[in-house]
1. Taking the square root of 5 times each eigenvalue of the Cα gyration tensor, what semi-axes in Å does the equivalent ellipsoid of the range A:25-236 have, largest first?
2. Test of understanding: ordering A:SER186, A:SER78, A:SER320 by Cβ neighbours within 10 Å, fewest first, what list do you get?
3. Report, to the nearest 10°, how far helix A:396-410 tilts away from the longest principal axis of the Cα atoms in chain A, using its own Cα long axis and a range of 0 to 90°.
4. Over all Cα pairs of the range A:240-282, how is the pair count split among 10 Å bins, expressed in % and running from 0 up to the last occupied bin?
5. Give me A:TRP232, A:TRP168 sorted ascending by neighbouring Cβ count inside 10 Å, so fewest comes first.
6. Along each principal axis of its Cα atoms, how long is the range B:76-158 end to end? Whole angstroms, biggest number first, please.
7. Over the range A:143-251, what is the mean sequence separation of C-alpha contacts under 8 Å (at least six apart), divided by residue count, expressed as relative contact order in percent?
8. In whole Å, what is the distance between the alpha-carbon centres of the range A:312-357 and the range A:125-189?
Amino acid sequence: MAELVSHPDEVRVVAKRFGKGATNIDRYLELDGYKAVRKALGMQPDAIINEVKNSGLRGRGGAGFNTGLKWSFVPKQSAKPKYILCNGDESEPGTCKDRLIFEEDPHSVIEGVIIAGLAVGASSGYIYIRGEYRYLLEIMQKAIADAYAKGFLGKNIFGSGRDFEVYWHGGAGAYEVGEESALMESLEGKRGVPRIRPPFPAVVGLWGGPTVINNAETLASVPPIILGGAEWFANLGTPKNGGTRLFCLSGHVNKPGVYELPMGYNLKKMIYEVGGGIPNGRKLKAVVPGGSSCPLLTSEEIDLPMDFDTLMKAGSMLGSGGVVMVDDSTCMVKFALRIMKFYQHESCGWCIPCREGTDWLMKTLTRFHSGGGIRKDIDNIQYLSENMLGRTFCPLGDAAALPTISIVKKFRKEFEDHLEGRPCPFEKKGAVERLPVFA
Amino acid sequence: MRFSDQFEARFTEMLTHYPTKRSVLVPTLLYAQDEAGFLSDEVITEIAGRLDLTELDVRNVISYYSMLTTKPRGKFNVQVCRNISCLLRGADELIEHCEKKLGIAHKGTTPDGLFSFEEVECIGACSWAPAAQVNYDFHENLTAEKMDRILDEYRTKVQ
């Protein structure tokens, strides 16, 4: 379904079985499948956690928290059952990597879930896949059934005396559900609104039990770590940023696609060598480095290694691996508006700063882009956004505010060019804003 | 209210996956919608009854999820992505083209009930933009011509 690409600089760890028919369990076994979980069955839980901790694996969903450390927060003793929850509700704009993992290598996720379960003492796991990915849910259902049939799941897995159950779960369309606490609400059959923390899911999660929630790519990275060792994995990347990651190149780039590159790969090289540069003889104007929630970088700011810490220092985020190139024919006011429309649509409405903030920002940006902006709006857009930061239960408010603040700061002149009733300088026919249709 | 045997088998199995009955609600609603076309009052009453929930509980959940609908839609729901990666590669033009071709706007349904049209947020096809889904099928690297062919194929599927 989704097309595969390749580049000589790729280091394939998570993607090593892509294009090799690994959805078939026998083929997966030929390609080192389920070897890691066999090895993990012979390890002490703390040894598994330490291995993952030392590998420098950090959450691939976007937060970039050390995975082994996250696992270590789960209490050893618990009156309630513990759970592993795989977050496959991929919906961050610019991100299309988990889709490939489910499509090409579903068993690697199952294996990651089992190993996480062995590490924290859980005996069941759920793989939550977004509703739009129906064909992937079907691939996963078959993969799980095949694993049960082989005795890799269920009672006495691999003849070890341990039991482990894995279940699939499908969503029904909601960006917010990709947030860990909203994900649990959704799995429990409710509206996907976030929970206040603390308590953190590691202590009180699904149905009140301690729960480990990891992104699909994170879990698919676990079996290679167990097999290859923490040191090997850590050395693939940069200090504190172990391994590789799937970068999804999209937007104005010659060779869009999902490429697995080492952590710390230079962004400029990624755009011009791996991605083949900007099409139509255009110049790069901006880059969204890790999905639409991340502050944008200008074309002057791209000579840097792509790891969590460097991007943080550069005032942005590595995020979920969605690298979106924006060329100089693009109106940044329109781009900011498009991002804000998305967050306004997806805000669950639970926290007022996010619900009201995204709506007012969308209305202001709509009016502004149509030529009805006044100078004061520019500072107001920034002020409103800054007032959303850190004032919500979940990071959706921040996700809406951060890119907006960066666009106003870095492309202020484009906002000024829209003032005094002037039409958008980038639209050939002038700014045409369609009226919203309410269904 | 009768669902298919496959629905019933899956529903019964799903109930064994969770410690609470309610946990099956979201996927069950989507599977029910796939069969009934939309979540009618009758479907809502049925599912609420099966899961010991009030109809209000079920409606509260339905209104949250963008794929769930209480209104009838066309046989083929054409969903064109409008988010950033698609926007940069011509989503606006594609949306305009679809609206003209089908003669309907966002959330509209053609009079023959064959197609409905919707602009949607990111569907996870960013590297293959612009992209659309018709029901659950992905269509990627779209152009106006490719979209025409796809829509014609769905039209002939029915005949």
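1. The answer is 23, 20, 17 Å, longest axis first.
2. Going from least to most buried by this count: A:SER78, A:SER186, A:SER320.
3. On a 0 to 90 degree scale, this one is about 40.
4. Result returned by the calculation: 31, 50, 17, 2.
5. Working: A:TRP232 15, A:TRP168 25.
Least crowded to most crowded, the residues run A:TRP232, A:TRP168.
6. So the three principal-axis extents are 33, 21, 21 Å.
7. 10
8. For the range A:312-357 versus the range A:125-189, the Cα centre distance is 30 Å.
Bear in mind that the values in this text are calculations on the coordinates, not laboratory data. Note that the coordinates shown come from a computational prediction; the quantities given were computed from them, not determined experimentally. A quick note on method: Cβ atoms are made from the backbone with ideal geometry, for glycine too, and the neighbour counts reach across all protein chains shown.
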